[in-house]
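Encoded as structure tokens, the structure appears first; notes follow it.
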Amino acid sequence: MGYAGGVRLVLLACALAAGLWTTGARAQSPAVAGRVVDPAGAPVPEANVTLEAAASGAAAGSTRTDAAGRYTLPLSGAGAYRLTVRRIGFVTATVPVDAGAAGTVTRDVRLSTASTELAGIEVRAPRPAPAPLTRRRAPGEQRQSESGATLSGLPLEPGELADVAALAPGVARTGEGEGGAGLSVGAQPSDQNQTTLDGASYGGGSIPSEAIERAGVVTSAYDAARGQFSGGEVFATTRAGTNRWGGAVNVSSRPRPLQFGTQPGAAGAAQKDWWGQLSAGGGGPLLRDRSWVYGALQLSRRAAGLAALDPGDAAGLARLGIDPDSARRFGEIVRGLGVPAPGGGSGAVSEQFTSLLRLDHALGERHRFVARLDGRATRAAGVGASAFTLPGGDATVSSASGGVMGQLTSRVGRLEHEVRLYASGGGRRGSPRQELARGAVRVSSAPDGADPRTATLRFGGGSSLSPDGTRGVLEVADEWRLTWGGGASRTKVGGVVNREHATSGGAANENGTFTFQSLSALEAGIPSSYTRTLGGRDRRAESGYGAVYLAHVWAPGPRFSVTGGARWEARWYPRAPGDSAAAALFGRVPGVVPAERGWSPRLGFSAQPHRKLWINGGTGEFRGKLAVASLLSAQGESGGPGAPRLLSCVGAAAPAPDWEAYVRDPDAIPSACASGEAEFADQAPALTLFDEEFAAPRVWHTSVGGRWQVGDARTVTFRAAHLRGSMRPLARDLNRAASAPLFLEEEGGRPVFAPASAIDPSGMIARGGGRIRPEYASVREVASEGSSNTLQLTAGVATITRWGGRLGALGVHYTFTDARDDMGGVPAPGGALATTAGDPNRRDRAPSDLAQRHAVQFDLNQAITPGWQLGMVGRLASGFPLTPMVAGDINGDGRGNDRAFVLEPANHPDPLAASAMESLLRTAPAQTRACLRRQLGRVAGRNSCRAPWASLLELQATFRPGGASRTGPLQLTFRTQNLLAGVDHLLHGDRRRGWGQLPLVDPTLLQVRGWDADRRAFRYDVNPEFGRVAGARGGLWSPFALVIQGRVALGADPARQALARMVASSLARRTPLDELRRALAERLPNVPARVLGLDAPLRLGLTPAQVAGLRAAADSAQPRIDVLADSLAATLHEAQGVRTDDQGARQARLQGYLAQARAMLEAGRAASERLLTGTQWNALPATLRRPAAEESMLPGQRVILEEG
């Protein structure tokens, strides 16, 4: 059967067991069952059935009838009971039940009709307010999301969607980008995630924090309506305006005096900076009860000194492993060459701006229209500057983008229709501080007698900048939904069309780079190589996507539901044909990507087999995408006119630089190699061919999970997921010779696909060696031949915490991930990191690049005092897999993809390299030493090592003057930023361990120092920093800082109007009646019952008499609360889709119901206070004790009538 088949079989068995358990597990125990019908004999669904002991009146259970009017209630034992049935529009009925020790007692109940009159208050009848643009959770779906108000209490970067998504177990930050592009879900590549805003594709990764209604991530989804991802979906919904004008202003700052663990000087790895942010949002009615508007913006700015090589900063140079004398000599040589040191730099400045404007309009009672504008802009000065570069090599990069969305939702009876259009576009532009070729010099130093270190020092222009470009997206979606079968069935059918394009207005390294092997070579003007990208300025790539889907949800009862469906998907890639000569040679047109199409089936379930156990799961296929950025690069290698060509000049073919001429005229920068050395000169174009069966990657996702309620204060969660990936992109080089002319005997016979005569004494290999067709460089053939296999297990616990009698919530989760995939030595668009042990066309199966094997994370939200709230987020995870690499090309394929040969110190003939390796084996981190020792004397395996463990700990303290129950406008927040970095610096000083840093490690084990023609072997320098976190010595280092934040609400606070939008949601869409009942029942608190539930968590020490009194009060109140919830739900349900002139009477009834609810709340509060001691009463949460907190528990008249 196989492993994957076994997992799916277990899942289906769980689903079947859950269904059987749900419908019949209690038949063997004493129970009462029956059917509730109306006077005509028709079933009465959703009737409230309660059971109580006849003698004591104690509650013995409650349930609701299903669509057929049936119910079943377990009995605790033999005896006499009373069964009561309530339903809005019927007379309450009570029947006796005499139960034996076993078996089921049948009691059918026929209800009689009667009208119920409730006192009302005359009010005007407004239309419902706008509803949040949310998607219902489908059976089997696994998602974690938080409201905007909850996120404000956690130590997260405001508005950053990736930070929110990383709170979910099984989601890891990769540091590669923003939004879904900066995450790995289930160890899948980050480019296989989808980021959506209000259900539409979104090109950004952040939105104003004051605009977030809810944000999170979907890690498992079996709804056929979801697509365009094989990893996860990072999503957010935006706030809407209501009938009350209001807003909030949020100001944050990270002052320099509140930073710790920084280093002075331009070469310091962590300089003090200044950061500030302004976020504001607000809205209200444009036309009361008809049109609403909400807008938000967020502006942030970071300013720091510009990093640069400073020969006078001896301490900073020592941390970087650079000898101060070498740094001074480097600066003097560069100045002598006539290279200017431009001034006028504004420092390292980063500015970000995001904005959002949303308009909701009610087009009568059956239609809602939503329009939304979003905009983003960034500007970064000092890009490319580093402590290894002289001033002048940086640039200013700016970008701007925006989007517009329109959505129309219509409802006729039980049929809903939704159509949505989203369009976005933007661009990026870089401006180097000086238009000049770039120089790179290898400098070896041994400061203070330490192990020799090699650093690459740079000067000149910013040739390594990414090219300018634009990007645009157009998406149209249409969906029809029908609720039928008494609400037990929901069917939807829909489709989506998406078109994405990207352009490039330039190429990296357009001004060329000279490389020098030493300072002496720099002074003499003898480069070891020269490279420059020619052409490739105007490139364009497009991709199209279309899908239609059919999904059905069947929920025969409140405890079991299942969804099934299928999604037909197609992708196509418009592209003009490439080089016809290459097409004739290789049988395919370069740059042309074949179209694909196919079906993706889905099946998911959710069940509650026990009153304290919930399980869900599913299985289905998810088709990913080929990122348009990857497509742009691959389609650019077409060989046609204007295609980019890499000029490569090695050794004597490298032209002698004339820096003064380049300064006077950038057109003087060489566009050809020096004459006379044809073997070491090359500018042949590269080609990319796509296999005829190429398709985007896909994943067959199977999962099962659930939660178990343990006691009154603890919930245990568990989940197992298996992801079997297929059609993963792999590439081979069709222009590489099948046999190698040279083998490195000192490295286990590693092949070199170039003759020894093509290797320069500097150790650089001519790119033209070993080709079948010398007129072309690499000829990549990309095929969907790879696969992956991931097993992820998650377990966690959520518990109520207690601090001085005040409640909090703590969640702790552990995730185990085992992921393996295929990859070769030729990079493929959207593929994993390409590495090779020799033959680049050989594929290896190894741990995936993004597989963090172990991860523990927690979050805490705790009330400390009436006015102070503490938030905490922590994570400890094993490092990502790591491959020991060589800096340079040693197999002759023209790529820096070679894995390092792990030198054995005792047997290596080069004493310098042997000594450096022996030192590394003594001083490297423990797991790095173990990894290297396992592989001594052979080429390192792909992902055979691991980066050090990554740690994160952040705290946030929030202060609300007047107490947590007050609704005052002011809120102060104090948030740490990289707390562990401060602890690391405090404990270890300059020898810090890299705590709190993103685990970006140096993968370079060996650096090519030269070629020994006699030994026919490369000479290497050993990197003493291999396997260490980059910030542990220098470079990327994030210090500890304290952020101060103040928030002021003006008018109605948007964060406190979520309840209004919840009620509005029920009116703006056809919310099922049972869903309304559940939501309202949660907001109509039974105060005595809640006090009983808090006895153990708060250690109240209730006496038997107190328990009996509270239980009696709770049992007395619950039936009335159930009836009231039924009445409220029925009224809201009836109000959906009715004429305006009917709304006044329903609003009057709502007023009456709310008055009753407030009276019951106050009565329950008074009864509880009478039964408790003063100490016990004060230990209860403020939301139970104080009338001022009532607004957070119960909808007020103003909330429902004026806000929704």
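The values are calculated or read from the model by the stated rules, or taken from the named source; none is laboratory data. Every value quoted in this text rests on a predicted model; they were computed, and no experiment measured them. All Cβ positions, glycine included, derive from the backbone under ideal geometry; neighbour counts span all protein chains shown.
Under the condition of being surrounded by fewer than 23 Cβ atoms within 10 Å (Cβ to Cβ) and over 19 Å from the mean Cα position of the chain (by Cα), the residues counted in the range 813-826 number 3. Checking Gln852 against (1) closer than 30 Å to Gly153 by Cβ; (2) surrounded by fewer than 21 Cβ atoms within 10 Å (Cβ to Cβ); (3) under 21 Å from the mean Cα position of the chain (by Cα), which test does it fail? All conditions are met except number (2). Would you confirm whether or not the range 862-877 contains a residue that is aromatic (Phe, Trp, Tyr), at pLDDT below 95 and within 20 Å of the chain's Cα centre (by Cα)? No, the conditions are met nowhere in the range 862-877.
Does Ala846 fit the bill of being within 27 Å of Glu146 (Cβ to Cβ) and small (Gly, Ala, Ser)? Steps first, please.
Working: within 27 Å of Glu146 (Cβ to Cβ): no; small (Gly, Ala, Ser): yes.
For Ala846, the condition - within 27 Å of Glu146 (Cβ to Cβ) and small (Gly, Ala, Ser) - is not met.
Check the range 1053-1064 and report whether any residue there is part of a loop (DSSP other than H, G, I, E, B) and at pLDDT 60 or above. Checked the range 1053-1064: at least one residue is part of a loop (DSSP other than H, G, I, E, B) and at pLDDT 60 or above. A count restricted to the range 967-987 and to residues that are under 30 Å from Ala1055 (Cβ atoms), β-branched (Val, Ile, Thr) and either surrounded by fewer than 20 Cβ atoms within 10 Å (Cβ to Cβ) or in contact with a Leu (Cβ under 9 Å, 6 or more places away or on another chain) (or both) stands at 2. Filtering the range 219-260 to residues that are assigned to a loop (DSSP other than H, G, I, E, B), under 16 Å from the mean Cα position of the chain (by Cα) and of a type in the set (S, T, N, Q) leaves Gln228, Ser230. When you scan the range 43-53, do you find a residue that is within 24 Å of Gly486 (Cα to Cα), modelled with pLDDT under 85, within 50 Å of the chain's Cα centre (by Cα) and surrounded by fewer than 18 Cβ atoms within 10 Å (Cβ to Cβ), even just one? No; the residues of the range 43-53 include none that is within 24 Å of Gly486 (Cα to Cα), modelled with pLDDT under 85, within 50 Å of the chain's Cα centre (by Cα) and surrounded by fewer than 18 Cβ atoms within 10 Å (Cβ to Cβ). Residues that are modelled with pLDDT of 90 or more, among the hydrophobic types (A, V, I, L, M, F, W, C) and not in a helix (DSSP H, G or I) were ranked within the range 188-217; the one that is farthest from Gly282 (Cα to Cα) is Val217. Suppose we keep only residues that are at pLDDT 95 or above and surrounded by fewer than 18 Cβ atoms within 10 Å (Cβ to Cβ) within the range 792-811. Which one would you say is farthest from Ala940 (Cα to Cα)? Looking at residues that are at pLDDT 95 or above and surrounded by fewer than 18 Cβ atoms within 10 Å (Cβ to Cβ), I get Ala795.
For the range 724-759, a residue qualifies if it is part of a loop (DSSP other than H, G, I, E, B), aliphatic (A, V, I, L, M) and closer than 28 Å to Ser784 by Cα, and the qualifying residues are Leu734, Ala737, Ala738, Ala740. Of all residues in the range 599-654, those satisfying the criterion of being in a strand (DSSP E or B) and either at pLDDT below 85 or farther than 26 Å from Arg143 by Cβ (or both) are Arg645, Leu646, Leu647, Ser648, Cys649, Val650.
Scanning the range 1084-1105 for residues that are surrounded by 21 or more Cβ atoms within 10 Å (Cβ to Cβ) and not in a loop (DSSP other than H, G, I, E, B) yields Val1087, Pro1088, Val1091.
From Ser561, Ser543, Ser600, which residue is hydroxyl-bearing (Ser, Thr, Tyr), in contact (Cβ under 8 Å) with a residue 24 or more places away in the chain and in contact with a helix residue (DSSP H, G or I) (Cβ under 9 Å, 6 or more places away or on another chain)? Quick ask: steps written out before the conclusion?
On the way: Ser561 fails: in contact with a helix residue (DSSP H, G or I) (Cβ under 9 Å, 6 or more places away or on another chain); Ser600 fails: in contact with a helix residue (DSSP H, G or I) (Cβ under 9 Å, 6 or more places away or on another chain).
Selected residue: Ser543, the only one of Ser561, Ser543, Ser600 that is hydroxyl-bearing (Ser, Thr, Tyr), in contact (Cβ under 8 Å) with a residue 24 or more places away in the chain and in contact with a helix residue (DSSP H, G or I) (Cβ under 9 Å, 6 or more places away or on another chain).
Using the structure shown, decide if Arg442 is charged (D, E, K, R), in a strand (DSSP E or B), more than 17 Å from Ala225 (Cα to Cα) and free of Cβ contacts under 8 Å to residues at least 60 places away in the same chain. When the stated conditions are applied, Arg442 does not pass them. Every listed requirement among (1) in contact with a Gly (Cβ under 6 Å, 6 or more places away or on another chain); (2) closer than 30 Å to Pro432 by Cβ is met by Arg750 save one, (2). Taking the conditions (1) among the β-branched types (Val, Ile, Thr); (2) more than 47 Å from the chain's Cα centre (by Cα); (3) modelled with pLDDT under 80 in turn, Thr104 satisfies each one other than (3).
Scanning the range 269-301 for residues that are part of a strand (DSSP E or B) and more than 17 Å from Gln352 (Cα to Cα) returns Gly282, Gly283, Gly284, Pro285, Leu286, Leu287, Ser291, Trp292, Val293, Tyr294, Gly295. Just for the range 1174-1193: of the residues that are in contact with a Gly (Cβ under 9 Å, 6 or more places away or on another chain) and exposed (fewer than 15 other Cβ atoms within 10 Å of the Cβ), which one is modelled with the highest pLDDT? For the range 1174-1193, the residue satisfying everything is Thr1175. Go through the range 387-430 and give me each residue that's surrounded by fewer than 19 Cβ atoms within 10 Å (Cβ to Cβ) and outside any strand (DSSP E or B). Of everything in the range 387-430, those that are surrounded by fewer than 19 Cβ atoms within 10 Å (Cβ to Cβ) and outside any strand (DSSP E or B) turn out to be Gly413, Arg414. For the residues Arg719, Arg664, Arg714, the requirement of being over 25 Å from Gly763 (Cα atoms), surrounded by 17 or more Cβ atoms within 10 Å (Cβ to Cβ) and of a type in the set (D, E, K, R) singles out Arg719. Can you find a residue in the range 501-518 that is under 30 Å from the mean Cα position of the chain (by Cα), of a type in the set (D, E, K, R) and either buried (at least 18 other Cβ atoms within 10 Å of the Cβ) or more than 28 Å from Pro574 (Cα to Cα) (or both)? So far as the range 501-518 goes, no, none of its residues is under 30 Å from the mean Cα position of the chain (by Cα), of a type in the set (D, E, K, R) and either buried (at least 18 other Cβ atoms within 10 Å of the Cβ) or more than 28 Å from Pro574 (Cα to Cα) (or both).
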